[in-house]
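Novice: Have a look at this one before I ask anything.
Nothing in this text is a laboratory measurement; each read-out follows from the coordinates by a stated rule. Computed from a predicted model, the values in this text were never measured in an experiment. Note that we place each Cβ from the backbone using ideal geometry, even for glycine, and neighbour counts take in every protein chain shown.
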2 protein chains.
Amino acid sequence: MTEPTVRRRGRPRDADLEDRVYDAVIEVYSETSWRGFTIDAVGRRARVGRAALYRRWATKDELLVQALEARSPLPVPIDTGSLRSDLVELVTQLLRGYRTTPGLVSLRVALDARVHPDLLANLTTTLNRSRLVAARTIVLRAVERGELPPAVSVTLLLEMVTGAALSHVLFSLADPGSAADDDAYARTLVDAAIRALVAEREHDPGAVT
Amino acid sequence: MTEPTVRRRGRPRDADLEDRVYDAVIEVYSETSWRGFTIDAVGRRARVGRAALYRRWATKDELLVQALEARSPLPVPIDTGSLRSDLVELVTQLLRGYRTTPGLVSLRVALDARVHPDLLANLTTTLNRSRLVAARTIVLRAVERGELPPAVSVTLLLEMVTGAALSHVLFSLADPGSAADDDAYARTLVDAAIRALVAEREHDPGAVT
């Protein structure tokens, strides 16, 4: 979403340094919270000097956003050609992503934003918006292809699908599933959610949501 | 779930002290994470001496579990007589509950348990199990009443409903809804989820999940 040339400020790219720093951001944040997260703690973890860090990242907000974007659990736009397989891929990536440390950190940031809205509101709005747009694009393409009625509740469909995936990872008492379990869960969930939205149109074709 | 007479160890109940301590637990945890959460930090916040705290709560695990149970966002068992209104009530309580500090803390604990599984796994399993049982009871009663087919996917239905509510609170870009917005959202969501599960039986009556 952000233009890399803008955020790198014209300095020569140092991919190795960036990688170490982003890994350190994810580690430090996963162990602490917004209050414990500082540029200096990241520097110690990454073994990078303060000067090098501050030269590239002016604030800890900026550092956190860029690390989360770089380590996003949804790195690649999904476009398989059908709604069902797009959503199955989305759920599979979310199940896998939420179990990784960067996935956990993105959730931790969302919670911290509710405790410190003054500090984190803009940051999470930026992060959520880009993910939300990516997910909405899947549904809007399906409407264009005629797979869903134009008046479908895009938000409801996505909240059911992505929310169930989140809930499955966070609160399920079962052990983390195998890849095959995740795939079966994703298919069952997506079928149910599509059925819910399509059945809505069949039962009440006049409703606009 | 726990027997109060056991956990109070026969000491006289001091409801005021307990209230202050539980409020302090929620505040301290909401600002920190598992690592920052200590009995001493709770004592300072609640203005209660260490001796009084350690007399009642032997470990910080025990203190945290009891505070979360006492401040649970789902305090009262839901039993309105129909599946639809039970689930609407569940979603409404979750939307409201996740926006409170104790609701945030319960989510924070679930995330911390993934970073420190050795410390928090048992604790969160205990907490999740009682909530999960409460929610499953709603669906199982509906099956008994014949509102849902016996082979319905209880977990899938609940994960769609509770997950969407969680996602709605955590990631929605809209401002927190009014009570009327929450109610409308809860009704739309529950109708869609029930439709998804009932339609499944109509389309594929042989499936067992």
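Novice: Please report, in Å, the Rg and the Dmax of the stretch B:47-93, where both are computed over Cα atoms only.
Specialist: 16.9, 49
Novice: Report the charge-dipole magnitude of the stretch B:83-203 in Debye, nearest 20, computed about the Cα centre from +1 at each Lys and Arg Cβ and -1 at each Asp and Glu Cβ.
Specialist: Charge dipole, the stretch B:83-203, about its Cα centre: 260 debye, nearest 20.
Novice: Distances from A:LEU140 to the same position in the other copies: list them in nm, one decimal, shortest first, using label points 7 Å from Cα along Cα→Cβ.
Specialist: Relative to the other copies, A:LEU140 has label-point distances of 4.5 nm.
Novice: Now for a separate question. Determine the sum of side-chain charges near B:ALA179: Lys and Arg each +1, Asp and Glu each -1, restricted to other residues whose C-beta is under 12 angstrom from that of B:ALA179.
Specialist: Its environment carries a net charge of -1.
Novice: If the only charges are +1 at each Lys and Arg Cβ and -1 at each Asp and Glu Cβ, what is the size of the charge dipole of the stretch A:4-70 around the Cα centre, to the nearest 20 debye?
Specialist: 360
Novice: Semi-axes of the stretch A:83-203's equivalent ellipsoid from the Cα gyration tensor, sqrt of 5 times each eigenvalue, largest first, rounded to whole Å?
Specialist: Semi-axes from the Cα gyration tensor: 26, 20, 12 Å.
Novice: So for the stretch B:4-70, taking the charge dipole from beta-carbon charges (+1 Lys/Arg, -1 Asp/Glu), which of B:ALA58, B:ILE26, B:PHE37 sits furthest toward the positive end?
Specialist: B:ALA58
Novice: Calculate, axis by axis, the spread of Cα positions in the stretch B:22-159 along the three principal axes, and write the results as whole Å, longest axis first.
Specialist: Sorted largest first, the three principal extents are 54, 28, 25 Å.
Novice: What average count of beta carbons from other chains do you get within 10 Å of the Cβ of residues in B:82-90?
Specialist: So the per-residue partner count for this stretch is 0.
Novice: While we're here: Which peptide among A:28-40, B:126-138 comes first, and what is the full order, when sorted by highest mean count of other Cβ atoms within 10 Å?
Specialist: A:28-40, B:126-138
Novice: Now for a different question. In nm, to one decimal, how far is the modelled label at B:GLU18 from the one at A:SER172, with both set 7 Å along Cα→Cβ?
Specialist: 3.6
Novice: Using the beta-carbon distance between B:ARG47 and B:ALA180 and R0 = 35 Å, what value does 1/(1 + (r/R0)^6) give for FRET efficiency, to the nearest 0.05?
Specialist: 0.30
Novice: Could you check the simple spin-label distance between B:GLU144 and B:ASP40, using points 7 Å along Cα→Cβ, in nm with one decimal?
Specialist: 5.1
Novice: Here's something else I'd like to know. Measuring from a point 7 Å out along Cα→Cβ, what nm distances, shortest first, does A:ARG187 have to its partners in the other copies?
Specialist: Once sorted, the set of distances for A:ARG187 reads 3.7 nm.
Novice: Going 7 Å from Cα along the Cα-Cβ axis for the label, what nanometre distances separate A:PRO117 from the same residue across the other copies?
Specialist: So the distances to the same position in the other copies read 3.6 nm.
Novice: Expressed as a whole percent, how much of the Cα-Cα distance distribution for the stretch B:4-70 exceeds 13 Å?
Specialist: Beyond 13 Å sits 59 percent of the P(r) for the stretch B:4-70.
Novice: Count, for each residue of B:123-136, the Cβ atoms from other chains sitting within 10 Å of its Cβ, then give me the mean as a whole number.
Specialist: 1
Novice: Further question: Could you check the spin-label model distance between A:THR80 and B:ASP118? Points 7 Å from the Cα along Cα→Cβ, value in nm.
Specialist: 3.9
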